[in-house]
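Just below is one structure, and these are the notes that go with it.
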Amino acid sequence: MTKVLYFTSRFPCWSETFIVREISELIRLGVDVHIVSLKHPVEKMVQSDAAALLDRVIYPLRGVRPVAQVLGTCLQHPRRELSALADIVRGLWRHPVALVKTLVVWWRTLALLPTLRGLAPDHLHAHWATYPSTSAMLASRRLDKPYSFTAHAHDIFLEDHMLAEKMRTAAFGVTISEFNLRYLADNVSPLALQCMRIIHCGVRPADFEFAPAGRHRQLILAVGRLAEIKGFDHLVDACELLARRNVPFECLVIGEGPLHRALQTRIDAAGLSDRVTMLGALKQEEVRAYLARAGVFALPSVVTASGDCDGIPVALMEAMAAGLPVVSTRVSGIPELIEHGSSGLLAEPGDAKELAQCIERLIADPASTREMAGMARRTIEREFDVAIEARKLLSAIERPA
């Protein structure tokens, strides 16, 4: 049985369902997975499939134990640890916040070494090319085991945590889109073309009943973290345009995040409080119930001024699996998921007028939306089925060369 340690920033995290699904699928394939969470959980809501994995999670040590462990390791291997600290400083000195956090990661990783060694892993894998992959890299060198990592979005576009070094030292790297692979090759290192593999995040199509008919055509649904990259402010603006054109609709927004208050203010200012409702974060089972009855799914992702953006949002995959027609934007890897006019519609990011036109088109033309829904479901089954993608990852772990 292959034993794998999975490194994450925090587990569980309600917005990272894709990690939970991947781990669950690897377990179904017979892999013995334990999860290293670099932070203790803080969220009150835990999704049911994440709750099923909690007995596999290892958290940072508290109290005096980590002090003794780290000091003992440093005394035993002073050159190695001084070299590691020098590499961290050299790689991140221009980013003091990231540097300090990475030093904390170094400390927590060393403190956990006896626990990790006792699990006798064959391979270490990290999600995100920032702190989790740094921890996996550090642990890999001390356990003498290979490691790999998956790079998604902000960990590529906003933060470079020694990415070139990780590509050089990892058994392999994974990223989720052709767009990301080209970006890494052009902006980080040409080595990306040799060491990085494309393995999609995915969903289980069987979890979503394909039901393109019998929907509330005028119900617009949006699901995602209430953050700038999701572009929900443009969705509110598009809804205002629809209201001005007397298009009948209701819009529900599921999710939580830092822009909750600003979005509610925008909704109220547009006079849409009776038509646009923010529901907060919901359990997966509740989200699926809304996916089963809505008429349009909208996720108007944008590229922020800092360069941050989505990868390929899993929320879009879930809607497409359920037979819900989707509208999104031409950002990052999204066009690799949605073919405009075939499996959904794409607007230019930040263009509320075009977004409104796309939504209105789906509301007004149920026949074409059913055709798009069928194509969308086939796309998910062919290219974004987590069972297929997890087998690709397991193959890479077992045969990294």
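The values are calculated or read from the model by the stated rules, or taken from the named source; none is laboratory data. Remember, it's a predicted structure, so these values are computed and weren't measured experimentally. Cβ atoms come from the backbone with ideal geometry, glycine included; neighbour counts cover every protein chain shown.
Considering every residue within the range 303-313, establish whether at least one is touching a strand residue (DSSP E or B) at 6+ places or on another chain (Cβ under 6 Å), within 26 Å of Asp207 (Cβ to Cβ) and among the aliphatic types (A, V, I, L, M).
No, there is no match, as no residue in the range 303-313 is touching a strand residue (DSSP E or B) at 6+ places or on another chain (Cβ under 6 Å), within 26 Å of Asp207 (Cβ to Cβ) and among the aliphatic types (A, V, I, L, M).
Could you please give the count of residues in the range 29-55 that are in contact (Cβ under 8 Å) with a residue 60 or more places away in the chain and closer than 16 Å to Val203 by Cβ?
Count: 3.
Filter the range 227-246 down to the residues that are in a loop (DSSP other than H, G, I, E, B) and over 15 Å from Glu354 (Cβ atoms), then identify the one that is farthest from the chain's Cα centre (by Cα).
If we take residues in the range 227-246 being in a loop (DSSP other than H, G, I, E, B) and over 15 Å from Glu354 (Cβ atoms), then Asn246 is farthest from the chain's Cα centre (by Cα).
Look through Phe149, Phe179, Phe210 and report the one residue that is touching a residue at least 24 places away in the same chain (Cβ under 8 Å) and outside the structural domain of Leu394 (by TED's automatic domain parsing).
Phe210 is the lone residue from the list that is touching a residue at least 24 places away in the same chain (Cβ under 8 Å) and outside the structural domain of Leu394 (by TED's automatic domain parsing).
Going by what's in this entry, would Pro114 be described as of a type outside the set (Lys, Arg), within 29 Å of Arg399 (Cα to Cα) and not in a loop (DSSP other than H, G, I, E, B)?
yes
Okay, residues lined up against (1) in the same structural domain as Met162 (by TED's automatic domain parsing); (2) of a type outside the set (Gly, Ala, Ser); (3) at pLDDT below 95; (4) closer than 18 Å to His40 by Cα:
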position	(1), (2), (3), (4)
Ala52	yes, no, no, yes
His77	yes, yes, no, no
Asp87	yes, yes, no, no
Pro96	yes, yes, no, no
Leu103	yes, yes, no, yes
Thr109	yes, yes, no, yes
Leu113	yes, yes, no, yes
Leu124	yes, yes, no, no
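Give all pairs with beta carbons closer than 9 Å in which a residue from the range 241-258 that is closer than 10 Å to Met278 by Cβ and in the same structural domain as Ala319 (by TED's automatic domain parsing) meets a residue that is hydroxyl-bearing (Ser, Thr, Tyr) and crowded, with 16+ Cβ neighbours inside 10 Å; count only pairs at least 6 apart in sequence or on separate chains.
Leu252/Tyr290; Ile254/Tyr290; Gly255/Ser15; Glu256/Ser15
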